[in-house]
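> I am attaching a structure below and will ask some questions about it afterwards.
Nothing in this text is a laboratory measurement; each read-out follows from the coordinates by a stated rule. The structure presented is a predicted model; accordingly, all values stated were derived computationally and were not measured. Every residue, glycine as well, gets a Cβ built from its backbone with ideal geometry; the counts of neighbours run over all protein chains shown.
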Amino acid sequence: MKKVKASLLACAFGLTAVLAGCGGSQQASGNNQSPANTSGSTPTGASAPASNKPVEIDFWYALGGRNGEIIQEMVKNFNESQKDVVVKASYQGSYYENHSKVLAAVSAGNQPDVTMVEVGSIGAFADAKVLEELEPYTNGAEKKYIPGLLGNSYWKDKLYAIPFNRSTPLLYLNRDMLKAAGLDPEGPKTWEELRQYAKTLTKKEGDKTATYGFSTAIDIWFYEALVFQSGGSILTEDNKALAINSEAGKAPIEFWTSMLKEGIMKAPPGEKYNAWDVAKQDFLNGQVGMIFTSTGDLRGLKENAKFDVGAAFMPANKSYGAPTGGANLVILAKSSDEKKKAAWEFVNWMTDTAQTVPFSLESGYMPVTTEAVESAEMKAAYEKEPNFQVAVKQLEYASPRPMVPGYKELQEVIMTEIQRAVLGQATVDEALQKADEKGQKLLKK
Amino acid sequence: MGLVGRRAWKTIESILLFGVGLVFVFPFLWMFITAFKTMPEVYQFPPSWWPESWQFNNFRIAWSSGPFLTYVWNSLVVALGTLILQFLIGVPAAYSFARYRFKGRNMLFGLSLIALMIPSQVIFLPVYVQLSHWGLVDTLWALILPFGASAFGIFLLRQAFMQVPDEVIEAARLDNASEWKIMWTIMVPLAKPVLVTFGLFSFIYHWNDYFWPLIMTNSDTVRTLPIGISMLKAAEGGKQWNVIMAGNMILVFPILVVFFFAQRHIINAFVYQSK
């Protein structure tokens with residue numbers, strides 16, 4: 001009995017210790033926040049606060065892995081480069097987790113000052129009046145960015161977001177396999193050529209297909225690309241309805257379905273990004289000759305492939321075309337004026353040529369300023385690895401992703417319907433009809 | 001027929017158990033193997049069933065990708081702190097539900113059962129706003145306090161306490177034992193298997209929890225291990241599966257150890273419950 005009492009006492013002490021631990025780390029983090037530089041800041045420029053204390057701003061980012069480490073490094077450099085602003089950067093999960101967190105934080109009033117938002121969600125955030133309009137801060141600075149990357153920065157003709165880590169889908173080629181089959185190692189230029197290439201590369205062993213010519217996840221991003229290539233758009237001009245129940249909306253599904261029927265294309269199994277991973281794995285193992293995937297994959301594929309990896313424009317139907325992807329930087333409307341000014345300094349610095357060049361070279365995302373693309377450093381890198389330039393060149397044909405508030409839900413609907421059509425569970429017309437009906441409901445909200 | 005039939009049944013049972021066991025063990029085995037592979041070997045097809053050369057470096061990369069010592073410490077504080085709080089609140093609550101008749105008892109017990117049925121995703125927003133008002137967001141408190149009263153624990157302990165024969169308590173009361181003493185020195189030891197089982201469930205849940213710490217914390221100083229592991233995963237581009245799996249090994253190792261030592265108690269608890 002005494003033993004039990006003693007252990008209870010220990011429990012109680014343990015609890016106090018644990019609670020003290022909480023308090024301790026809270027204090028510790030508070031101490032970390034106290035700015036190191038309290039003197040010597042020069043009160044010049046828009047960002048300088050009334051007192052000599054630097055302005056502290058919170059930056060929430062949504063990239064893990066090596067790219068997350070690069071961002072931390074950039075923020076450290078920014079903090080060391082000047083004395084007026086101190087940025088506290090913290091990782092908040094994936095784009096969508098960060099999305100929910102920011103919305104929760106805004107309603108509680110402890111939102112960050114700067115964050116990353118996936119390009120397709122900018123409209124939803126801007127529409128909810130969560131984002132600060134940026135033109136008063138930029139003084140025309142937005143002209144330095146590549147026009148093809150600004151498509152998802154505007155909502156109702158107002159600037160809300162600055163391109164940061166941006167990608168676009170490309171066609172990846174196993175050049176060794178293409179050469180061995182007597183094909184042009186630069187890859188197919190049109191849908192018809194893609195079909196021919198896929199046919200030539202497909203190898204059968206008995207009843208089984210040993211190598212497929214082509215593979216792609218049946219994903220909304222690639223569907224958007226093929227619709228653009230067919231001269232269509234996803235939404236009507238007034239953003240009130242889907243525009244895919246049309247020739248341009250049907251063409252991609254019919255193209256994929258016919259190649260699947262011919263047995264020259266593989267639809268990789270798996271939900272969402274799992275299907276992408278399967279396609280990449282098949283590509284690396286030489287089981288498929290060509291795949292669609294993001295610019296962001298170029299480095300990883302090159303490092304792990306035992307063959308010559310090539311990147312090319314996605315083939316054209318009526319024209320070349322592709323959506324862009326990745327995320328933009330935004331400033332939150334609820335922050336104080338002082339912090340918003342500091343936040344703009346930071347956003348401007350992060351996306352400036354001096355930063356976007358090394359960021360692009362290390363992460364595989366595209367550089368975001370026109371000056372960066374022309375820079376000697378970038379040109380040298382492109383010369384060494386021409387694949388890296390393909391994405392930037394394709395931007396000339398890029399269209400923004402649809403960004404109406406309901407699109408996040410709607411894209412799931414479209415994906416489900418095109419997958420049903422591709423799997424033969426519905427005809428193309430039925431599937432698009434259904435997507436159209438659901439779209440009407442979602443877009444009316 | 002009798003003996004042969006029984007023997008045949010035993011064989012079938014063993015095969016079935018082996019199959020089910022394999023289903024459960026395989027993901028762990030795959031994680032273990034992948035954690036030691038090189039990237040090209042991860043992508044290799046057909047896959048290799050044993051690493052060609054053991055890449056211990058994956059663990060070093062995972063461990064040094066962030067302040068992992070802080071994450072581990074925070075995870076321990078949160079999982080154990082929650083557990084202690086749950087016991088301190090759950091034992092008296094369960095005792096009173098099991099052994100007292102008072103006005104509103106059924107209603108209160110019903111309320112705690114309702115709490116059992118609501119997932120944390122549903123209530124995270126109001127809890128977040130409330131904790132934010134109290135200035136507790138981005139502290140370890142935000143990860144412990146909301147889970148202090150565990151409906152599941154109260155329910156489980158109440159069932160256990162109800163099975164203690166009345167005579168035991170009456171005998172103790174005759175010996176002038178206080179209610180407090182009866183609760184902690186008679187009831188709690190008798191419910192030990194249930195306590196251990198509940199403790200294990202709670203520990204594993206809070207050790208593994210990703211959603212709540214992600215929502216409630218913003219800075220590395222108060223974050224837990226699962227968030228550190230998720231940071232190993234890149235959003236776009238190549239995922240380093242070998243490093244991610246090495247991180248997962250670090251995450252599950254303590255749980256496997258705890259489970260190993262508590263296994264006997266868990267089996268006891270389920271036997272005890274079904275009596």
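> Which residues in the stretch A:314-356 place their backbone N less than 19 Å from a point set 7 Å from the Cα of A:Glu247 along the Cα-to-Cβ direction?
A:316-321
> Compute the distance in nm between two label points, each set 7 Å from the Cα along the Cα-to-Cβ direction, one at A:Lys158 and one at B:Arg6.
If labels sit at A:Lys158 and B:Arg6, their model points lie 8.2 nm apart.
> Subtract the Cα-Cα distance of A:Lys76 and A:Glu338 from 0.36 nm times their separation in residues, and report this length gain in nm to one decimal.
Here the answer is 92.2 nm.
> Given the options B:Pro126, A:Tyr397, A:Ala322, identify the residue whose Cα lies farthest towards the positive end of the charge dipole of the protein assembly as shown (+1 on Cβ of Lys, Arg; -1 on Cβ of Asp, Glu).
Comparing the listed Cα positions along the dipole, B:Pro126 ranks first.
> Residues of the stretch B:82-117 with the amide nitrogen closer than 20 Å to a label point 7 Å from the Cα of B:Ala171, along Cα-to-Cβ, please.
B:99
> Related question: Largest first and in whole Å, give the semi-axes of the stretch A:242-356's equivalent ellipsoid, each being the square root of 5 times a Cα gyration tensor eigenvalue. Show your work: numbers first, answer last.
Details: eigenvalues 274, 95, 38 Å².
Here the semi-axes work out to 37, 22, 14 Å.
> Which listed residue (A:Phe292, A:Met265, B:Ile204) has the Cα farthest towards the positive end of the charge dipole for the protein assembly as shown, taking +1 on Lys and Arg C-beta and -1 on Asp and Glu C-beta about the Cα centre?
Projecting each Cα onto the dipole axis, the largest value belongs to B:Ile204.
> Taking the Cα centre as origin and putting +1 on Lys and Arg beta-carbons and -1 on Asp and Glu beta-carbons, what dipole magnitude results for chain B, to the nearest 20 debye?
620
> Now, a different point. Using 20 Å as the cut-off for backbone N distance, which residues of the stretch A:78-92 belong to the label zone defined by a point 7 Å from the Cα of A:Lys53 along Cα→Cβ?
Once the point is set 7 Å along Cα→Cβ of A:Lys53, A:79-80, A:82-89 turn out to lie under 20 Å by backbone N, inside the stretch A:78-92.
> Still on this model: Mean shadow of the stretch B:67-233, computed from the convex hull of its alpha carbons, in nm²?
Averaged projected area of the stretch B:67-233's Cα convex hull equals 11.3 nm².
> Given R₀ = 51 Å, FRET efficiency for B:Phe261-A:Glu237 by Cβ-Cβ distance, to 0.05? Before the final figure, lay out each step's value.
On the way: r = 66 Å, r/R0 = 1.29.
For B:Phe261 and A:Glu237, the calculated efficiency is 0.20.
> Measuring from label point to label point, each 7 Å out along Cα→Cβ, what is the A:Asp429 to B:Asn106 span in nm?
For A:Asp429 paired with B:Asn106, the spin-label model returns 6.2 nm.
> Subtract the Cα-Cα distance of A:Glu69 and A:Lys129 from 0.36 nm times their separation in residues, and report this length gain in nm to one decimal.
That pair, A:Glu69 and A:Lys129, stretches by 18.5 nm at full extension.
> How far is helix A:220-229 tilted off the main Cα axis of chain A, in degrees rounded to 10, range 0 to 90?
Approximately 60 degrees, to the nearest ten.
> May I pose another question? Calculated FRET efficiency, B:Asn208 and B:Leu88, Cβ-Cβ r, R0 30 Å, to nearest 0.05?
Plugging the Cβ-Cβ distance into 1/(1 + (r/R0)^6) gives 0.85.
> If you take every residue apart from A:Asn79 with its C-beta less than 12 Å away from the C-beta of A:Asn79, what net charge results, scoring Lys and Arg +1 and Asp and Glu -1? Please report the intermediate quantities before stating the final value.
Working: positive: A:Lys76, A:Lys83, A:Lys88; negative: A:Glu56, A:Glu73, A:Glu80, A:Asp84, A:Glu345.
Once all neighbours under 12 Å are counted, the net charge is -2.
> Another question, then. Go ahead and set up a Gaussian network model of chain B, Cα springs under 10 Å, then flag whichever of B:Ile61, B:Ile118, B:Ile89 fluctuates most.
Comparing B:Ile61, B:Ile118, B:Ile89 in a Gaussian network model of chain B, the most mobile one is B:Ile118.
> Further question on the same structure: Roughly what angle does helix B:68-99 make with the longest principal axis of chain B, taking Cα atoms, 0 to 90 degrees, to the nearest 10?
20
> Would you mind checking the pairs A:Lys408/B:Lys37; A:Lys261/A:Lys384; A:Lys266/A:Lys318 and listing those with alpha carbons more than 31 angstrom apart?
Result: A:Lys408/B:Lys37; A:Lys261/A:Lys384 exceed 31 Å.
> Still on this structure, please answer the following. Taking beta carbons within 10 Å but only from partner chains, what does the mean come to for residues A:276-284? Kindly include the intermediate steps, with their values, before the conclusion.
Values: counts 1, 4, 0, 0, 4, 5, 2, 1, 7.
Counting Cβ atoms of other protein chains within 10 Å of each residue's Cβ and averaging gives 3.
> How big is the charge dipole of chain A about its Cα centre, in debye rounded to the nearest 20, if each Lys and Arg gets +1 on its Cβ and each Asp and Glu gets -1 on its Cβ? It would help to have the intermediate numbers written out before the result.
Working: 48 positive and 53 negative charges, 254 e Å.
Charge dipole of chain A: 1220 debye, to the nearest 20.
> Between the stretch A:201-248 and the stretch A:72-141, how far is it from one alpha carbon centroid to the other, in angstrom?
33
> Sticking with this structure for a sec: Mind checking B:211-219 for the average number of partner chain beta-carbons within 10 Å of each residue's beta-carbon? Walk me through the numbers before you get to the answer.
Details: counts 3, 0, 0, 8, 7, 2, 3, 11, 9.
What the average comes to for B:211-219 is 5.
> Shifting gears a bit: Once the protein assembly as shown is represented by equal point scatterers at the alpha-carbon sites, with solvent omitted, what log10 I(q)/I(0) does the Debye formula produce at q = 0.07, 0.11 Å⁻¹?
Calculated log10 I(q)/I(0) at the listed q: -0.61, -1.27.
> Further question on the same structure: Per-residue mean of other chain beta-carbon atoms within 10 angstrom of the beta-carbon, peptide A:57-70?
On the way: counts 0, 2, 0, 1, 1, 1, 6, 12, 13, 7, 4, 7, 3, 0.
Mean number of neighbouring Cβ atoms from other chains: 4.
> Among B:Met216, B:Phe259, A:Ser167, pick out the residue whose Cα is farthest towards the positive end of the charge dipole of the protein assembly as shown, where Lys and Arg carry +1 and Asp and Glu carry -1 on C-beta, about the Cα centre.
B:Phe259
> Below 8 Å, C-alpha to C-alpha, sequence gap of six or more: please give me the relative contact order for chain A in percent. Walk me through the numbers before you get to the answer.
Values: 775 pairs, mean separation 97.6, N = 445.
Answer for chain A is 22 percent.
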